[in-house]
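Worksheet: one structure, shown below.
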Amino acid sequence: MTFKDDREALIAAPDRSGRERCRALSDLVDAWLIERFDGAVDGGSGIALAATGGYGRRELAPQSDLDLLLLHDGKVTSVGQVADRLWYPIWDEGLKLGHAVRTPKETLSLAADDLDTATTLLQIRHLAGDASLTEHVAEQALAQWRKRPKKWLTELHHGVAARHAQYGEVAFLLEPDLKEGRGGLRDVHALHWAELVHPLLHGGDEAVLTRAYDTLLDVRVALHRHTGRAGDRLNLQDQDGVAALLGESGDGGADALMKRVAAAARTIGWVSDETWDRVDSSLAGPRSRTAGRDRPLDEGVVLRDGDVHVVAEASPADDPALVLRAAQAAAAHRTRIERSSLERLAAEVPLFPDPWPPGARDLLAGLLLTGPPAIGVLESLDHKGLLSRILPEWEPVRSRPQRNAYHRFTVDRHLCEAAVGAAALADRVGRPDLLVIGALLHDIGKGYPGDHTEVGQEIVAAMATRMGYPPPDVDLLVAMVRHHLLLPDVATRRDLSDDATIERVADEVGSLEALELLAALTEADSIATGPAAWGEWKAGLVAQLTARTAFRLGGGETDRVAPFPDAGQRALMAAGERTVRIDDHTITVVTPDRPGVFSRVAGVLALNGLDVLEAAAASENGMALSQFTVASSFGSAIDWDRVEADLERCLAGRLALSARLAERAKAYARPGPPPRAPEVRFDNEATHRATIIEVHATDGIGVLNRITRALAELDLDIRTAKVQTLGDEVVDAFYVLDADGEKIGDPEHQGEVRRALLFALK
């Protein structure tokens, strides 16, 4: 067998751990390179081949680069020829290569000031040739590293923080970077490099880190095997395949995989944070004159040397609320619960009693109201199992993935982020405590079978009662769970100028107090979901809906909104001429009324990379008015002249719209998970004005064009359209009337409409 055959067989071989496979690949490549080296060097000393990076650690993943260093003493004249004889066979095998040719002096000089070079040399490994060169570099590189501890530890920590800011968190992102994210493989490397300066890890941390590291290494190797390419981002479309390679099969395989990833990453992230906090404290030098003194913060809790400590005489077993007093104090002072105190709490705090101790619910609310500092404290509690003792219902949502591109975080981190986001909005509501508690619990039902909103109501009712909230407060918290999707769904899917819409929302919400809590929760929940879930357009719609509903709940009639079409638009229609007007991000088209005008305009907008946010249509005196509010699909500047020109060409019958949309869809095709089956829903109760047809489908270029073309072919008159993209899913709502100006009430007629839409979305 050839080297390539042997390598492919090793990559494909079943029943090997990631570490075993990496070492076997490293050994295979070692033997092959040594043979190449021996053939390229005509004996003698003064030249050596060394492995660095992951290959130096014997962690050569299937698609990783070969990081090689060709060392020479400066006297070997044929070093360039040797390099060519080594590098070209590697490239010929299709392997990726990172390489350098240097003397030991040059190498060490670079390592003296460059962090990447310095850390690379900390894991150098001799392969072939003059071993004394490699040994010299390894010894001197380590000596240089240990000679400047403050410089390297400072740069290492800055590098860690920069990586985390760029790549996010492995444990909580739905598509994490296994290597560079917080809690990833690189964090362990950084800790080991730091350990070479000075022992930093607590007893037992090394074993815990090794287990977590091996988990992530297993997944990284499986990812390389599944995709056949380098990369460390575990994308949604790859998770099922990676799970299968690791023995997690079936419908829940990917979820099980991601829970394993999250658990490992949480461990690495927590140990890393805790260790670097101690490093920062040591680098800062002696503290102030108050060093070593205790500053009382709350019963049983003191601030000592910048950390929150539980005093020796406190009794966590008899005082369950002590853990919340310590947590609130740590968040309020933007610090951590000291390690030994945290360990003590973990060992002694019992399951919270029913009912909770007096004041405990206020402590939890106070912790959340500190805002961002609460995240780290909650994570520490969770890492030690304390959060589940306070809130046993938390365990099912812990590290639970949400398998769609719309959500950014796992369920538990989403809830924490929502609570922290809600804290920033506390001045908008009369009951900030209910706002943050409701935000923390609004999706708690996602850890249980059934509809998460319905299940969540029962769970939160029991939890709030156990916390000691009086019945009216329990009712408000339950209402927050029941209606946490009401405002965003109605705002983005229904006609806010329709009085029936406002009346329905007012009836469901029931009170101004509930409305203000829901409005703040909507914003916090959306922002915590991800960047696609909140923006100026959506915020404006929710604000409009909230204001009109508040007016109604305040005892007045629903306030009036600007009519559509307005006087200016009616004048355009009365002129009887084709008109295209663009005002900011609103496009108005007036044209002789004929079937398919709306869909053609929608198609032109898709052709120009525009997302339709909202649309409305009207017809009068043989003229049709279509109005669209749009945004750029990719956030780039919009070429409005081209948009207008394409609209004019299309309306004049001089644009091959369907062909161009097909070409654009093909050009922008990307691999991804199988599209979800589209759904079509009818609502004849929400308004007397029209039938609402709601379409849920996978997003794609020209989807709105296909939907509206299908409606036009059935002679359905679109009065209003609300269009929303949620990650890779579109949720479009259309207010329609049939050719006679009536609702679509006949089940058979609805069946034909559904059939036409499903066919259009194939």
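Quick notes on this structure:
- Summing Lys and Arg as +1 and Asp and Glu as -1 over all other residues whose Cβ lies under 9 Å from the Cβ of residue 232 gives a net charge of +1.
- Gyration tensor (alpha-carbon) shape descriptor, segment 167-209, a/c threshold 1.5: prolate
- Highest-first packing order for the peptide set 293-304, 745-756 is 293-304, 745-756, based on the mean count of other beta carbon atoms within 10 Å.
- Cα gyration tensor shape for segment 419-561, rounded if a/c is under 1.5, else prolate or oblate: prolate
- Proximal lysines relative to residue 446, as straight alpha-carbon distance under 26 Å, when same-chain residues fewer than 8 apart are discounted: 259, 384, 538
- Angle in degrees between helix 205-227 and the longest Cα principal axis of the chain, rounded to the nearest 10: 60 degrees
- Cα-based helix-to-principal-axis angle, 432-441 vs the chain, degrees rounded to 10: 70 degrees
- Helices in the chain, meaning DSSP H runs of at least 4 residues, each add -39500 (n - 2.57). Divided by all residues, the mean residue ellipticity at 222 nm is -16500 deg cm²/dmol.
- Cα centroids of segment 382-433 and segment 108-170: 38 Å apart.
- Fraction of alpha-carbon pairs over 30 Å apart in segment 567-760 - percent: 17 percent
- Size of charge dipole - segment 559-700 - debye, nearest 20, with Cβ of Lys, Arg +1 and Asp, Glu -1, no other charges: 540 debye
- Size of electric dipole in segment 295-374: Cβ of Lys, Arg +1 and of Asp, Glu -1, about Cα centre, debye, nearest 20: 340 debye
- By average C-beta atoms within 10 angstrom, highest first, the peptides 655-667, 144-156, 515-527: 515-527, 144-156, 655-667
- A cut-off under 12 angstrom between Cβ atoms defines the neighbours of residue 334, and their net charge, with Lys, Arg +1 and Asp, Glu -1, is -1.
- Ranked by the mean number of other Cβ atoms within 10 Å of their residues, highest first, the peptides 420-426, 703-709, 160-166, 230-236 come out as 703-709, 420-426, 230-236, 160-166.
- Positive-end extreme of charge dipole, the chain - chosen from 725, 265, 194 (charges on Cβ): 194
- Here the convex hull built on the C-alpha positions of segment 3-147 has a volume of 99 cubic angstrom per residue.
- Lysines with Cα under 29 Å of residue 150, excluding same-chain neighbours fewer than 8 positions away: 105, 179
- The C-alpha atoms of the chain define a longest principal axis, and helix 3-12 lies at about 60 degrees to it.
- Computed over segment 151-283, Kirkwood Rh from alpha-carbon pairs, angstrom: 15.1 Å
- Rounded, prolate or oblate (a/c below 1.5 giving rounded, otherwise prolate when a/b exceeds b/c) for the chain by Cα gyration tensor: oblate
- Counting only lysines at least 8 places from residue 762 when in the same chain, those with an alpha carbon closer than 25 Å to its own are 666, 722.
All of the numbers you see were taken from the coordinates with simple rules; none came from a lab. Bear in mind that the values here come from a model prediction, so they are computed numbers and not experimental data. As a convention, Cβ positions derive from the backbone with ideal geometry for all residues, glycine included, and neighbour counts pool all protein chains shown.
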